[in-house]
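K.L.:
Could you have a look at this structure, given as C-alpha coordinates, before my questions?
The values are calculated or read from the model by the stated rules, or taken from the named source; none is laboratory data. Just so we're clear, the structure is a prediction, and the values are computed from it rather than from any experiment. As a convention, Cβ positions derive from the backbone with ideal geometry for all residues, glycine included, and neighbour counts pool all protein chains shown. Only protein heavy atoms, including side chains, enter the accessible area calculation; ligands, DNA and RNA are left aside. Shrake-Rupley method; radii C 1.70, N 1.55, O 1.52, S 1.80 Å.
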Amino acid sequence: MRKTIIELKNADLTLGNAAASVHVLKNIDLSISAGEAVGIVGPSGSGKSTLLMVLAGLEQLDSGEINVNDTPLHKLSEDALADFRGKNIGIVFQSFHLIANMTALENVAVPLELANTTGAFDIARRELEAVGLGERLNHYPGQLSGGEQQRVAIARALAPSPAVLIADEPTGNLDTDTGRQIADLLFNKQAERGMTLVLVTHDPSLAARCSRQIRVASGRIAGDSVPLKKVQETLSA
(Lines give C-alpha, C1' and ligand atoms only; values in the text may rest on other atoms or scores of the structure.)
Protein backbone atom coordinates (compact mmCIF):
# COMPACT_ATOMS: atom_id res chain seq x y z
CA MET A 1 0.00 0.00 0.00
CA ARG A 2 1.37 3.39 -0.99
CA LYS A 3 2.15 6.00 1.63
CA THR A 4 -0.19 8.99 1.84
CA ILE A 5 2.00 11.99 1.03
CA ILE A 6 -0.65 14.75 0.95
CA GLU A 7 -3.72 14.89 3.15
CA LEU A 8 -6.28 17.63 3.62
CA LYS A 9 -8.92 17.47 6.37
CA ASN A 10 -11.81 19.95 6.56
CA ALA A 11 -9.70 22.49 4.65
CA ASP A 12 -11.41 25.87 4.60
CA LEU A 13 -10.17 29.16 3.17
CA THR A 14 -11.67 32.60 2.54
CA LEU A 15 -9.74 35.21 0.55
CA GLY A 16 -10.30 38.96 0.71
CA ASN A 17 -11.92 41.09 3.40
CA ALA A 18 -15.45 42.08 4.37
CA ALA A 19 -17.70 42.62 1.32
CA ALA A 20 -14.88 41.62 -1.02
CA SER A 21 -14.29 38.26 0.68
CA VAL A 22 -14.74 35.02 -1.26
CA HIS A 23 -15.18 31.62 0.36
CA VAL A 24 -12.78 29.79 -1.97
CA LEU A 25 -12.32 26.36 -0.35
CA LYS A 26 -15.13 24.75 1.62
CA ASN A 27 -14.28 21.94 4.04
CA ILE A 28 -12.26 19.89 1.58
CA ASP A 29 -11.03 16.39 2.38
CA LEU A 30 -8.40 15.00 0.02
CA SER A 31 -5.77 12.28 0.17
CA ILE A 32 -2.98 11.76 -2.39
CA SER A 33 -0.57 8.83 -2.38
CA ALA A 34 3.17 8.98 -3.01
CA GLY A 35 4.00 8.58 -6.69
CA GLU A 36 0.57 9.55 -8.01
CA ALA A 37 0.09 11.93 -10.92
CA VAL A 38 -3.03 13.93 -10.09
CA GLY A 39 -4.77 16.42 -12.35
CA ILE A 40 -6.96 19.08 -10.73
CA VAL A 41 -9.62 20.29 -13.15
CA GLY A 42 -12.69 22.49 -13.07
CA PRO A 43 -14.11 25.76 -14.39
CA SER A 44 -12.44 29.13 -13.86
CA GLY A 45 -13.14 30.45 -10.39
CA SER A 46 -13.86 27.01 -8.97
CA GLY A 47 -10.97 27.15 -6.49
CA LYS A 48 -8.62 24.69 -8.16
CA SER A 49 -5.60 27.02 -8.36
CA THR A 50 -6.12 28.10 -4.75
CA LEU A 51 -6.27 24.46 -3.75
CA LEU A 52 -2.98 23.91 -5.55
CA MET A 53 -1.41 26.87 -3.74
CA VAL A 54 -2.52 25.38 -0.41
CA LEU A 55 -0.93 22.05 -1.37
CA ALA A 56 2.26 23.94 -2.27
CA GLY A 57 2.33 25.74 1.06
CA LEU A 58 1.85 29.14 -0.59
CA GLU A 59 -1.58 29.77 0.95
CA GLN A 60 -2.43 28.98 4.57
CA LEU A 61 -5.82 27.63 5.62
CA ASP A 62 -8.26 29.49 7.84
CA SER A 63 -9.18 26.18 9.42
CA GLY A 64 -8.62 22.47 8.90
CA GLU A 65 -5.43 20.49 8.44
CA ILE A 66 -2.87 19.90 5.70
CA ASN A 67 -0.14 17.31 6.02
CA VAL A 68 2.55 16.93 3.36
CA ASN A 69 5.25 14.27 3.62
CA ASP A 70 4.40 13.66 7.32
CA THR A 71 4.60 17.38 8.16
CA PRO A 72 1.59 19.42 9.42
CA LEU A 73 1.91 22.58 7.33
CA HIS A 74 -0.95 24.25 9.20
CA LYS A 75 1.21 24.26 12.35
CA LEU A 76 4.35 25.76 10.81
CA SER A 77 5.54 29.36 11.10
CA GLU A 78 6.14 31.32 7.89
CA ASP A 79 9.90 30.70 8.13
CA ALA A 80 9.52 27.00 8.86
CA LEU A 81 7.00 26.67 6.03
CA ALA A 82 9.36 28.37 3.57
CA ASP A 83 12.19 26.05 4.66
CA PHE A 84 10.00 22.96 4.28
CA ARG A 85 8.73 24.09 0.87
CA GLY A 86 12.25 24.71 -0.41
CA LYS A 87 13.32 21.16 0.43
CA ASN A 88 10.20 19.14 -0.28
CA ILE A 89 8.01 20.85 -2.89
CA GLY A 90 8.96 21.84 -6.42
CA ILE A 91 6.70 24.41 -8.09
CA VAL A 92 6.23 25.16 -11.80
CA PHE A 93 4.11 28.17 -12.78
CA GLN A 94 2.35 29.00 -16.05
CA SER A 95 4.34 32.23 -16.44
CA PHE A 96 7.74 30.65 -15.58
CA HIS A 97 8.69 33.21 -12.85
CA LEU A 98 12.34 33.37 -13.86
CA ILE A 99 14.60 36.23 -12.76
CA ALA A 100 15.27 38.30 -15.89
CA ASN A 101 18.80 39.43 -15.03
CA MET A 102 20.06 35.96 -14.13
CA THR A 103 21.21 33.24 -16.51
CA ALA A 104 19.47 29.89 -16.73
CA LEU A 105 22.20 28.40 -14.55
CA GLU A 106 21.84 31.13 -11.94
CA ASN A 107 18.04 30.86 -11.92
CA VAL A 108 18.31 27.19 -11.01
CA ALA A 109 21.25 27.55 -8.60
CA VAL A 110 20.15 30.56 -6.55
CA PRO A 111 17.32 28.81 -4.62
CA LEU A 112 19.76 26.00 -3.81
CA GLU A 113 22.32 28.51 -2.58
CA LEU A 114 19.71 30.21 -0.41
CA ALA A 115 19.02 26.80 1.14
CA ASN A 116 22.77 26.35 1.76
CA THR A 117 22.90 23.34 -0.55
CA THR A 118 26.44 22.10 -1.22
CA GLY A 119 27.45 22.20 -4.89
CA ALA A 120 24.47 24.31 -5.94
CA PHE A 121 25.87 25.22 -9.37
CA ASP A 122 26.90 21.63 -10.12
CA ILE A 123 23.38 20.45 -9.30
CA ALA A 124 21.89 23.25 -11.40
CA ARG A 125 24.08 22.32 -14.36
CA ARG A 126 23.04 18.64 -14.14
CA GLU A 127 19.36 19.53 -13.95
CA LEU A 128 19.56 21.85 -16.96
CA GLU A 129 21.36 19.18 -18.93
CA ALA A 130 18.66 16.70 -17.89
CA VAL A 131 15.95 18.91 -19.41
CA GLY A 132 17.88 19.40 -22.64
CA LEU A 133 19.42 22.81 -21.96
CA GLY A 134 23.07 21.92 -21.55
CA GLU A 135 23.96 24.36 -24.32
CA ARG A 136 21.89 27.21 -22.89
CA LEU A 137 23.34 27.50 -19.37
CA ASN A 138 24.54 31.08 -19.75
CA HIS A 139 21.54 32.44 -21.63
CA TYR A 140 19.16 34.90 -19.97
CA PRO A 141 15.38 34.31 -19.96
CA GLY A 142 14.91 36.97 -22.66
CA GLN A 143 17.20 34.95 -24.93
CA LEU A 144 15.18 31.76 -24.50
CA SER A 145 11.94 30.61 -26.12
CA GLY A 146 8.84 30.04 -23.99
CA GLY A 147 9.43 26.30 -24.02
CA GLU A 148 13.06 26.76 -22.98
CA GLN A 149 12.05 29.09 -20.17
CA GLN A 150 9.60 26.48 -18.88
CA ARG A 151 12.38 23.87 -19.03
CA VAL A 152 14.51 26.15 -16.85
CA ALA A 153 11.58 26.46 -14.44
CA ILE A 154 11.21 22.68 -14.35
CA ALA A 155 14.94 22.23 -13.73
CA ARG A 156 14.69 24.72 -10.86
CA ALA A 157 11.72 22.84 -9.38
CA LEU A 158 13.49 19.48 -9.65
CA ALA A 159 16.88 20.63 -8.34
CA PRO A 160 16.15 20.06 -4.60
CA SER A 161 14.86 16.52 -5.39
CA PRO A 162 11.41 17.29 -3.99
CA ALA A 163 8.95 14.62 -2.91
CA VAL A 164 6.10 16.59 -4.52
CA LEU A 165 6.06 18.50 -7.81
CA ILE A 166 3.30 21.12 -8.15
CA ALA A 167 2.45 22.55 -11.58
CA ASP A 168 -0.07 25.34 -12.25
CA GLU A 169 -1.12 25.34 -15.92
CA PRO A 170 2.43 24.34 -16.97
CA THR A 171 1.58 24.37 -20.69
CA GLY A 172 -0.86 27.29 -20.61
CA ASN A 173 1.50 29.84 -22.20
CA LEU A 174 2.89 27.50 -24.86
CA ASP A 175 1.84 26.45 -28.34
CA THR A 176 0.45 22.95 -28.83
CA ASP A 177 3.66 21.22 -29.92
CA THR A 178 5.83 22.88 -27.27
CA GLY A 179 3.17 22.19 -24.64
CA ARG A 180 3.23 18.52 -25.55
CA GLN A 181 7.01 18.42 -25.18
CA ILE A 182 6.80 20.08 -21.74
CA ALA A 183 4.08 17.63 -20.68
CA ASP A 184 6.27 14.72 -21.82
CA LEU A 185 9.14 16.15 -19.79
CA LEU A 186 7.03 16.54 -16.63
CA PHE A 187 5.58 13.04 -16.75
CA ASN A 188 8.92 11.46 -17.67
CA LYS A 189 10.68 13.15 -14.75
CA GLN A 190 7.85 12.22 -12.40
CA ALA A 191 8.14 8.57 -13.44
CA GLU A 192 11.95 8.54 -13.33
CA ARG A 193 12.12 9.99 -9.83
CA GLY A 194 9.00 8.46 -8.32
CA MET A 195 7.70 11.87 -7.31
CA THR A 196 4.11 12.85 -6.67
CA LEU A 197 2.89 15.21 -9.40
CA VAL A 198 -0.12 17.47 -8.82
CA LEU A 199 -1.12 19.81 -11.63
CA VAL A 200 -3.92 22.20 -12.48
CA THR A 201 -4.91 22.29 -16.13
CA HIS A 202 -7.70 23.33 -18.50
CA ASP A 203 -6.28 20.96 -21.12
CA PRO A 204 -8.29 17.68 -21.22
CA SER A 205 -5.46 15.83 -23.00
CA LEU A 206 -3.01 16.79 -20.25
CA ALA A 207 -5.44 15.84 -17.49
CA ALA A 208 -6.03 12.48 -19.22
CA ARG A 209 -2.35 11.61 -18.80
CA CYS A 210 -2.69 11.73 -15.02
CA SER A 211 -3.43 8.58 -13.05
CA ARG A 212 -6.26 10.41 -11.28
CA GLN A 213 -8.44 13.48 -11.82
CA ILE A 214 -9.86 15.66 -9.06
CA ARG A 215 -12.72 17.89 -10.23
CA VAL A 216 -13.32 21.08 -8.26
CA ALA A 217 -16.53 23.10 -8.43
CA SER A 218 -17.60 26.02 -6.22
CA GLY A 219 -14.80 25.36 -3.75
CA ARG A 220 -15.60 21.70 -3.19
CA ILE A 221 -14.43 18.35 -4.54
CA ALA A 222 -17.07 17.49 -7.14
CA GLY A 223 -15.45 14.36 -8.54
CA ASP A 224 -12.51 11.99 -8.07
CA SER A 225 -11.88 9.53 -10.86
CA VAL A 226 -9.38 7.60 -12.94
CA PRO A 227 -9.28 8.91 -16.55
CA LEU A 228 -10.70 6.54 -19.18
CA LYS A 229 -7.31 6.50 -20.92
CA LYS A 230 -5.68 5.11 -17.76
CA VAL A 231 -8.42 2.51 -17.32
CA GLN A 232 -7.86 1.33 -20.90
CA GLU A 233 -4.09 1.19 -20.36
CA THR A 234 -4.58 -0.92 -17.21
CA LEU A 235 -6.96 -3.35 -18.98
CA SER A 236 -4.58 -3.80 -21.92
CA ALA A 237 -1.46 -4.27 -19.73
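K.L.:
Does Phe96 satisfy the condition of being open to solvent by less than 30 Å² (accessible area, probe 1.4 Å), among the aromatic types (Phe, Trp, Tyr) and under 29 Å from Pro204 (Cβ atoms)?
P.N.:
yes
K.L.:
Now for a different question. Applying the selection to segment 126-138, what residues are free of Cβ contacts under 8 Å to residues at least 12 places away in the same chain and in a loop (DSSP other than H, G, I, E, B)?
P.N.:
Of everything in segment 126-138, those that are free of Cβ contacts under 8 Å to residues at least 12 places away in the same chain and in a loop (DSSP other than H, G, I, E, B) turn out to be Gly134, Glu135.
K.L.:
For residues in segment 107-131 being touching a helix residue (DSSP H, G or I) at 6+ places or on another chain (Cβ under 8 Å), at pLDDT 95 or above and open to solvent by 50 Å² or more (accessible area, probe 1.4 Å), which is nearest to Thr178 (Cα to Cα)?
P.N.:
The qualifying residue nearest to Thr178 (Cα to Cα) is Arg125.
K.L.:
If I ask for residues that are part of a loop (DSSP other than H, G, I, E, B) and of a type in the set (Val, Ile, Thr), which ones from segment 155-173 would you list?
P.N.:
Of everything in segment 155-173, just one residue is part of a loop (DSSP other than H, G, I, E, B) and of a type in the set (Val, Ile, Thr), namely Thr171.
K.L.:
For segment 175-216, name all the residues that are among the basic types (Lys, Arg), closer than 22 Å to Ile6 by Cβ and either outside any strand (DSSP E or B) or open to solvent by 50 Å² or more (accessible area, probe 1.4 Å) (or both).
P.N.:
Scanning segment 175-216 gives Lys189, Arg193, Arg209, Arg215.
K.L.:
When the residues of segment 1-26 are filtered to those that are loosely packed, with under 12 Cβ neighbours inside 10 Å and within 23 Å of Thr196 (Cβ to Cβ), which remaining residue is modelled with the highest pLDDT?
P.N.:
In this case the residue turns out to be Lys3.
K.L.:
Name the residue that is nearest to Lys3 (Cα to Cα), counting only residues in segment 27-65 that are open to solvent by less than 50 Å² (accessible area, probe 1.4 Å) and touching a Gly at 6+ places or on another chain (Cβ under 8 Å).
P.N.:
Here the answer is Ala34.
K.L.:
If the requirement is being of a type in the set (D, E, K, R) and in contact with a strand residue (DSSP E or B) (Cβ under 8 Å, 6 or more places away or on another chain), which of these qualifies: Arg136, Arg215, Arg126? Quick ask: steps written out before the conclusion?
P.N.:
Details: Arg136 fails: in contact with a strand residue (DSSP E or B) (Cβ under 8 Å, 6 or more places away or on another chain); Arg126 fails: in contact with a strand residue (DSSP E or B) (Cβ under 8 Å, 6 or more places away or on another chain).
Exactly one residue qualifies, and that residue is Arg215.
K.L.:
From the residues in segment 151-160 that are of a type outside the set (D, E, K, R) and over 13 Å from the mean Cα position of the chain (by Cα), which one is most open to solvent (accessible area, probe 1.4 Å)?
P.N.:
In this case the residue turns out to be Pro160.
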